[in-house]
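Structure record follows, encoded as structure tokens.
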Amino acid sequence: MMYVALCLFQDQFSHIKPVEHVLAGRVQFIYTKEWQVGEVERVKPDIIIGINEHHIGVAECYAFAKVHHIPTLTLQDGILEWRHMFENPLFNGITGPPLHSPVLADKIACIGLTSASLIGALGNWHKVELTGMPKLDALKFASARTFQPGSGEKKQILVLTSSKPWFDDNQREVVMKELLDLKETLAKRKNVEVVWRVTKELPQILGVTNNYTQKSTLELAELIRRSDAVVTTISTTILESQLLEKPTAILDYFNT
């Protein structure tokens, strides 16, 4: 019997494609950018899988699925951090409820014990499942490859930000301060070569060359693999860097 999974994804396919690969031959994955109840009625899936519950279309599809006894699953899309969960205008409790409070799906696939504990404590203990993060599976094997980073006497330091390192103007000022401080500090080190991979508007402000072409785990992994160490703002890159067995520092003037 072939099961049908309706996937509510407009991007971030790296989260779900490894699951599709493992379940090939047993589950047919159907992707739709039309997050509408009509799509659920048309496809008649055995399960609905989503990643952005705060989108009204996903919420409506989940509500329809609940009435019609179709199970729903949300994949956690990245590490949790206070500013993202409670100070992001999407989830600040004023313009929207805090992230994952509550989880709308029947189950949420959590990337680690810390996330599962926090999401569970928001009233979702019956919904959390500790699964890991499928898109990171390939990195577990990549870390075993031999590679000699750096060249000559200089060590290569990779500096990264998340795609959204701030959520308001005040936070933007703090992020700019920490990055400029870091740039100034590293510039004094003659034995260091800095490679930047930062969110799109920052290269011109910082006066650096950006090594960012697409939001790709594999592209990022290659940059990490070529580096001696990684400095990053709070993002899932922390996990990717550690899986690739690189010394990893978190740049966090917010202390969150």
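The values are calculated or read from the model by the stated rules, or taken from the named source; none is laboratory data. Computed from a predicted model, the values in this text were never measured in an experiment. Counting neighbours? That spans all protein chains shown, and the Cβs are built from the backbone with ideal geometry, glycine included. Quick note on the areas: whole protein, heavy atoms, side chains included, nothing else; ligands and nucleic acids left out. Shrake-Rupley method; radii C 1.70, N 1.55, O 1.52, S 1.80 Å.
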Excluding residues fewer than 8 positions from Lys17 in its own chain, the lysines with Cα under 20 Å of it are Lys33, Lys107, Lys135, Lys140, Lys215
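In deg cm²/dmol, rounded to 500, what helix-only [θ] at 222 nm does the chain give when every DSSP H run of at least 4 residues adds -39500 (n - 2.57) and the total is split over its residues? Don't skip to the answer; put the middle values down first.
Values: 9 runs with 78 residues, N = 256.
The helix contribution divided over the chain gives -8500 deg cm²/dmol.
In whole percent, how big is the carbon plus sulfur part of the accessible area of the chain, probe 1.4 Å, protein atoms only? If you can, show how the numbers build up before the last one.
Values: 7630 of 13910 Å².
Summing carbon and sulfur atoms, their accessible area is 55 percent of the total for the chain.
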For segment 80-129, dividing by residue count, accessible area per residue (probe 1.4 Å) in Å² works out to 49
Sequence order, segment 224-229: Karplus ³J(HN,Hα) from phi using 6.51 cos²θ - 1.76 cosθ + 1.60, θ = phi - 60°, Hz rounded, Gly and Pro as x, gives 5, 4, 7, 9, 8, 7
Rounded to the nearest 10 Å², the 1.4 Å probe accessible area of His68 is 100
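Enumerate by residue number the chymotrypsin sites (Phe, Trp or Tyr not before Pro) in segment 37-145 meeting two conditions: DSSP loop (anything except H, G, I, E, B), and at most 12 other Cβ atoms within 10 Å of the site's Cβ.
Details: sites: Tyr62, Phe64, Trp82, Phe86, Phe91, Trp125, Phe141; in loops: Phe91, Trp125.
Counting only loop positions with at most 12 other Cβ atoms within 10 Å, the chymotrypsin sites (Phe, Trp or Tyr not before Pro) in segment 37-145 are Trp125.
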Straight-line reach check, Lys190, cutoff 16 Å on alpha carbons, 8 or more apart in-chain or any other chain, hits among aspartates and glutamates -> Glu153, Asp228
Checked against the structure, the computed Cα extents along the principal axes in Å among (i) 50, 41, 36; (ii) 52, 47, 36; (iii) 64, 44, 31 is the one labelled (iii)
In order over segment 14-22: 3J(HN,Hα) from phi, Karplus 6.51/-1.76/1.60, θ = phi - 60°, whole Hz, x for each Gly or Pro, gives 5, 6, 9, 4, x, 5, 4, 4, 5
Residue-normalised value, i.e. accessible area per residue, for segment 1-62 at 1.4 Å probe, in Å², stands at 54
Karplus-derived 3J(HN,Hα) from phi for segment 69-83 (6.51 cos²θ - 1.76 cosθ + 1.60, θ = phi - 60°), whole Hz, x at Gly and Pro, runs 6, 9, x, 10, 9, 10, 9, 5, 9, x, 5, 9, 8, 3, 4
